[in-house]
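Below is one structure; the comments refer to it alone.
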Amino acid sequence: MQTLSASRTIRLVAIVLAMFLSFGIITAGPAQAADDVSKSEKLNADQLKRLAGLPADQRDKIRDRLNQELGKNACGDFAFSTAMTGANCESVSAKAFGSFLTTPEKALDYDGTNTVPFCAALPSAGAPSPATAWCVQGSAVKKFLPIAGVVMRTALSAMPGGQVVLGTVDTVAFIANAKDGFEKFANTVKAEGVKSTNEVLNNLLKVSVFEVDDAFRSTWAAFAAIGILVMGLMYFKLWKDVSNEEIDMDSARTSLLWYGPLSMVLVLFGPAIGYVINGWMSDLSEGVTFWTASRVTDFGVAISRFASYESSGAFGPLAAVLLFGLLFIAAWAMLGLLALQPLALYLLGLGVALMIGFMIHPKYRERVGKVGVLWLGISLSKPLLLLLMGAVFSYIASRPAFAGEGVDDGMVNATSVFLAAAAMCVLAFALPMLYKYVPILPSSSTSMGEGRQSVAGAAMVAGAGAAISSSIRQRRTAQVQSGTPGGRSGGSYGGGATKGPSSMTHSEGHSGSGLGSNGPGMSGRRSAASRIPNDQGAATGQSGQGQGQPETRTIGELQKADRAGTGGAKASQSLKTGAGAVGRGSAKVAAGGATAFLLAGREAARQASMRGQRSARSMAPDTDHISGR
Amino acid sequence: MRKHWKLLTALGAVILIIAVAVVLLNPPVPAPKKDDPSALQASGKFGFPVSGIKIGEGGTKTASDGKTITGYNGTCDSAAQAAANYTPLIEDVNTSTWAQQKKTLVEVGKQGPWVERATFNGDLLANAKDLPPGAFDGQWYYRSDVAAGGLYRVTSCDEKKKAVVQVFTGGVAAVVNKAPSAFFQTVTFELTWSDDWKISDFAIVQAGQDFGGRVKDGGPMSVGTSFDDPTPMLQSDLVDAFFQGKSREGWVEYANAKR
């Protein structure tokens with residue numbers, strides 16, 4: 001069984017990796033196509049973000065260069081150029097443009113239709129009076145080109161910051177005169193590694209957008225229809241379980257009057273709620289993206305250094321193939337991860353629609369909550385990933401090998417490549433880490449600890465959520481607290497039992513001796529509970545908390561311990577638990593007298609052992625209705 | 001192994017359901033219907049109505065340069081013809097014939113501050129001592145091609161009194177040290193009747209200006225568009241770009257516009 005699950009894990013990882021890579025390749029298509037330079041090409045949103053993230057001095061240099069370009073453009077006009085006789089047409093014009101085009105973005109946006117500020121700035125820029133007169137007479141607009149296409153690329157790539165903005169890196173051969181095939185291969189791997197890393201970084205922030213649009217809504221409608229059919233079946237199952245006394249009327253009432261209508265409301269408004277939440281997350285991502293973009297830019301500058309690395313010492317072809325290969329894989333994995341996020345959200349959303357009928361059955365209710373929380377978690381993961389990305393990249397960019405002029409040492413350079421690759425690997429697999437080390441989810445909201453995959457599990461696998469869900473499961477198993485509101489079928493009993501010092505009332509059974517001060521509802525509940533020993537067991541198991549002394553062990557631990565034990569071990573464990581509960585309530589017990597003590601001890605032990613059986617069952621919920629067993 | 005098999009089956013089933021649902025729920029979007037062009041717009045290639053008047057006609061005489069047509073009958077159509085025929089006087093700059101052109105301009109116009117603006121470029125270039133290379137076809141620096149633009153808009157017209165006419169013209173402009181390049185722009189005229197249509201004002205109306213309230217907008221311009229070919233030739237995507245943010249209302253094609 002161990003080897004089986006291990007091989008399954010490996011297979012899952014392989015599937016997820018394959019999807020990473022294939023999605024990366026698919027999304028890379030447009031990125032490559034964007035390289036074709038058209039005459040009117042402008043900077044894309046990513047390039048603009050990088051431009052905005054450049055240091056101020058680089059931005060000023062780029063702006064001046066662009067204004068120079070505009071000046072050259074204006075001086076192409078014969079009349080203007082002639083009017084400028086006696087002055088340096090291009091530099092005076094550039095100065096005039098610089099007076100109102102104060103940022104590179106403004107210079108790139110200037111389309112020449114509004115010449116008024118230019119004409120106004122000409123005299124102070126040192127233009128001769130005929131030039132000003134030419135400008136004012138109106139034909140200045142005859143022929144003017146905004147900076148775009150090849151001209152823009154040429155102007156920008158003359159600047160180191162501009163190269164980062166454009167994402168163009170010239171790679172030198174790793175081994176200057178490659179003699180054999182392997183050395184050539186090393187050259188290829190290096191060129192590809194640096195190029196694709198650079199490309200991936202440039203496109204990183206634009207690949208993943210999940211939108212709750214009309215297409216999603218209509219798909220949701222279809223899935224929700226199936227979900228409602230499932231809900232109909234669930235009603236049958238609910239009544240069957242009620243008649244088998246597996247669940248009590250109270251739960252059935254909650255299901256019918258509360259979860260039934262609620263699930264219909266969710267079917268109707270699910271996409272709307274999803275849209276709102278998704279909007280928040282998008283805003284959050286957008287806010288983080290800007291900060292991250294400047295870090296990515298720093299990192300991009302660092303990566304572009306790799307382009308100039310050459311073979312030296314131990315940093316030979318084999319090391320190059322391995323390290324740059326790792327860089328290559330890490331870069332694509334990271335892109336793939338971001339590209340998969342919308343898919344996971346899409347599929348999980350549909351999973352919720354499919355499972356919405358489960359909400360009416362107390363036993364299966366948690367599954368819907370689990371998938372819903374997973375959906376929330378994945379949509380929250382993007383801003384978190386971006387934050388983490390910014391942090392990791394700014395760390396890398398500040399390493400000595402990347403700061404200043406860098407280091408002329410083969411080993412240092414090799415380590416820096418490894419560091420960059422490893423950092424990107426960390427980011428690619430950061431989501432599971434986030435859930436492990438950043439406890440963003442309240443443990444009660446992930447109230448699932450079951451060992452087996454459900455329908456949602458399949459969607460999760462497809463959506464690269466498997467790792468996350470297992471992390472959630474781990475966390476939850478350790479942390480889930482008792483008294484999950486509206487959770488398991490026994491939940492309401494636990495809540496009722498912890499209301500007052502009623503454990504003795506329970507254990508004294510049906511006498512109704514008036515020891516406890518229960519509400520009128522309790523007696524009915526009690527009678528129901530006495531018919532269902534399992535549930536009563538749960539009540540007593542939690543009754544320890546009602547005594548003021550907090551139960552330090554969580555249910556998860558108890559359940560684990562219960563599951564681990566077999567036969568006599570389990571019985572003795574239950575006895576211990578029961579005795580513990582009794583011991584903690586000893587003050588009350590003493591007041592109740594010796595008879596009560598004996599009764600309580602025996603009853604508690606019995607109930608605890610029942611409870612042990614029940615919890616062992618509840619740990620592995622029934623998925624037969626799904627897998628068809 | 002049994003469990004494993006069932007998991008895979010469930011996964012396959014889910015993927016199948018989703019695939020089928022996605023295919024079924026996304027029928028191909030029907031192509032949007034094209035709006036029926038109204039009767040008025042049907043005639044021209046770019047969707048403008050075509051008038052019966054032609055560039056290079058409408059008058060009975062010629063000015064002293066022997067080619068600029070004068071002697072109009074005072075109708076609004078003749079004002080549109082006069083504007084087209086006067087456009088080269090405003091737009092062209094050929095240093096070898098500049099003196100004659102300036103003389104003609106004065107003949108067909110009323111004196112006013114516009115004359116200085118209209119003659120600024122020509123005077124500048126004709127009087128310059130040494131010009132950088134770039135002139136084309138002899139001494140040409142700017143040469144209009146009214147038929148290439150071929151559109152006009154009569155903004156206001158009072159027969160035999162006053163008319164404001166905009167002419168959309170093509171042209172070729174010399175570029176310093178480079179090959180010449182095509183351009184398109186709108187020249188706005190105010191014509192006043194004085195036994196003939198005479199230019200009383202003109203402007204290349206820029207963005208945000210309105211010729212003293214006499215026009216709605218400056219008309220289409222090619223500023224910001226680069227042309228591979230130095231010969232001005234309109235394409236429908238160019239027309240769309242030039243009219244970006246401008247009104248198409250009132251623009252009419254000359255019968256002999258180059259299309």
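With A:Leu204, A:Leu233, A:Leu256 as the choices, which residue is at pLDDT below 85, open to solvent by 20 Å² or more (accessible area, probe 1.4 Å) and either more than 14 Å from chain B (Cβ to nearest Cβ) or under 30 Å from A:Ala428 (Cα atoms) (or both)? Can you show your working first?
Details: A:Leu204 fails: open to solvent by 20 Å² or more (accessible area, probe 1.4 Å); A:Leu233 fails: at pLDDT below 85.
Answer to the selection: A:Leu256.
Quick one: which residue in B:Pro180, B:Pro132 is within 14 Å of chain A (Cβ to nearest Cβ) and part of a loop (DSSP other than H, G, I, E, B)?
B:Pro132
If you go through the range B:72-106 one residue at a time, how many are assigned to a loop (DSSP other than H, G, I, E, B), closer than 15 Å to B:Ile199 by Cβ and within 14 Å of chain A (Cβ to nearest Cβ)?
Looking only at that region, the number is 1.
Which condition breaks for A:Asp35 when tested against (1) more than 30 Å from A:Val209 (Cβ to Cβ); (2) at pLDDT below 70; (3) charged (D, E, K, R)?
(1)
Could you say which residue among A:Ala293, A:Ala339, A:Ala302, A:Ala330 is open to solvent by less than 20 Å² (accessible area, probe 1.4 Å) and modelled with pLDDT of 80 or more? Reasoning before the result, please.
Working: A:Ala293 fails: modelled with pLDDT of 80 or more; A:Ala339 fails: modelled with pLDDT of 80 or more; A:Ala302 fails: modelled with pLDDT of 80 or more.
The unique qualifying residue is A:Ala330.
Can you pull out the residues in the range A:96-117 that are within 14 Å of chain B (Cβ to nearest Cβ), without any contact (Cβ under 8 Å) to a residue 40 or more places away in the chain, out of contact with any Ser or Thr (no Cβ under 8 Å at 6 or more places or on another chain) and part of a helix (DSSP H, G or I)?
Result: A:Asp109, A:Val116.
Mind checking which residues of the range B:177-196 are open to solvent by 10 Å² or more (accessible area, probe 1.4 Å) and within 18 Å of B:Gly109 (Cβ to Cβ)?
B:Glu190, B:Thr192, B:Trp193, B:Ser194, B:Asp195, B:Asp196
Out of all the residues in the range B:156-171, which are small (Gly, Ala, Ser) and crowded, with 16+ Cβ neighbours inside 10 Å?
Scanning the range B:156-171 gives B:Ala163, B:Gly170, B:Gly171.
Within the range A:60-88, which residues are more than 14 Å from chain B (Cβ to nearest Cβ), buried (at least 18 other Cβ atoms within 10 Å of the Cβ) and of a type in the set (A, V, I, L, M)?
Residues satisfying the conditions are A:Ile62, A:Leu66.
Looking at (1) within 11 Å of chain A (Cβ to nearest Cβ); (2) over 13 Å from the mean Cα position of the chain (by Cα); (3) surrounded by fewer than 24 Cβ atoms within 10 Å (Cβ to Cβ); (4) part of a strand (DSSP E or B), can you tell me which one B:Ala174 breaks?
(3)
Return the residues of the range A:314-327 that are open to solvent by 10 Å² or more (accessible area, probe 1.4 Å), assigned to a helix (DSSP H, G or I) and either of a type in the set (Ser, Thr, Tyr) or touching a residue at least 24 places away in the same chain (Cβ under 8 Å) (or both); say none if nothing qualifies.
Within the range A:314-327, A:Pro317, A:Leu318, A:Ala319, A:Val321, A:Leu323, A:Gly325, A:Leu326 qualify.
Tally time: how many residues in the range B:237-259 are open to solvent by 40 Å² or more (accessible area, probe 1.4 Å) and either within 11 Å of another protein chain (Cβ to nearest Cβ) or on the phi < 0 side of the Ramachandran plot (or both)?
The total comes to 12.
Quick one: in the range B:62-71, of everything that is open to solvent by 20 Å² or more (accessible area, probe 1.4 Å) and of a type in the set (Gly, Ala, Ser), which residue is farthest from B:Ile199 (Cα to Cα)?
For the range B:62-71, the residue satisfying everything is B:Gly66.
Go through the range B:197-213 and give me each residue that's under 25 Å from B:Glu57 (Cα atoms) and away from every other protein chain (no Cβ under 11 Å).
Matches in the range B:197-213: B:Trp197, B:Lys198, B:Ile199, B:Ser200, B:Asp201.
Show the residue pairs that are 6+ apart or on different chains and have beta-carbon atoms under 9 Å apart, the first residue being within the range B:99-112 and closer than 18 Å to B:Lys61 by Cα, the second being open to solvent by 70 Å² or more (accessible area, probe 1.4 Å) and assigned to a helix (DSSP H, G or I).
From the range B:99-112, no pairs qualify.
Being in contact with a strand residue (DSSP E or B) (Cβ under 6 Å, 6 or more places away or on another chain) and β-branched (Val, Ile, Thr) is the filter here; which residues of the range B:70-89 pass it?
B:Thr70, B:Thr87, listed by residue number.
Would you pick out the residues in the range B:214-235 that are within 11 Å of another protein chain (Cβ to nearest Cβ) and either farther than 24 Å from B:Val252 by Cβ or in contact with a helix residue (DSSP H, G or I) (Cβ under 7 Å, 6 or more places away or on another chain) (or both)?
So in the range B:214-235, the residues within 11 Å of another protein chain (Cβ to nearest Cβ) come out as B:218, B:221-228.
Across the range B:214-235, the qualifying residues are B:Met221, B:Ser222, B:Val223, B:Gly224, B:Thr225, B:Ser226, B:Phe227, B:Asp228.
Restricting attention to the range B:207-236, which residues are under 13 Å from the mean Cα position of the chain (by Cα) and either open to solvent by less than 50 Å² (accessible area, probe 1.4 Å) or under 24 Å from A:Asp109 (Cβ atoms) (or both)?
The answer is B:Asp217, B:Gly218, B:Gly219, B:Pro220, B:Met221, B:Ser222, B:Val223, B:Thr225, B:Pro232, B:Leu234.
Could you list all residues from the range B:212-228 that are under 18 Å from B:Phe243 (Cα atoms) and of a type outside the set (A, V, I, L, M)?
If the condition is that a residue be under 18 Å from B:Phe243 (Cα atoms) and of a type outside the set (A, V, I, L, M), then B:Lys216, B:Asp217, B:Gly218, B:Gly219, B:Pro220, B:Ser222, B:Gly224, B:Thr225, B:Ser226, B:Phe227 are the ones that fit.
For a quick check of your reading of the model, give me the residue pairs whose first member lies in the range A:208-227 and is within 10 Å of A:Pro271 (Cβ to Cβ), whose second is hydroxyl-bearing (Ser, Thr, Tyr) and open to solvent by 20 Å² or more (accessible area, probe 1.4 Å), with beta-carbon atoms closer than 8 Å and at least 6 apart or on different chains.
Here the result reads A:Val212/A:Tyr275; A:Phe216/A:Tyr346, each pair linking the range A:208-227 to a residue that is hydroxyl-bearing (Ser, Thr, Tyr) and open to solvent by 20 Å² or more (accessible area, probe 1.4 Å).
Looking only at the range A:265-279, decide whether some residue is buried (at least 17 other Cβ atoms within 10 Å of the Cβ) and within 30 Å of A:Val200 (Cβ to Cβ).
yes
Can you run down the residue pairs with Cβ atoms below 7 Å, 6 or more apart or on separate chains, where the first is in the range A:53-80 and outside any helix (DSSP H, G or I) and the partner is open to solvent by 30 Å² or more (accessible area, probe 1.4 Å)?
From residues that are outside any helix (DSSP H, G or I), the pairs are A:Cys75/A:Glu90; A:Gly76/B:Lys178; A:Asp77/A:Lys143.
Going by what's in this entry, would A:Asp283 be described as over 25 Å from A:Ala52 (Cα atoms) and among the charged types (D, E, K, R)?
Against the criterion (over 25 Å from A:Ala52 (Cα atoms) and among the charged types (D, E, K, R)), A:Asp283 does not qualify.
The values are calculated or read from the model by the stated rules, or taken from the named source; none is laboratory data. Bear in mind that the values here come from a model prediction, so they are computed numbers and not experimental data. So basically every Cβ, Gly included, is an ideal-geometry build from the backbone, and we count neighbours across all protein chains shown. Accessible surface areas use protein heavy atoms only, side chains included; no ligands, DNA or RNA. Shrake-Rupley method; radii C 1.70, N 1.55, O 1.52, S 1.80 Å.
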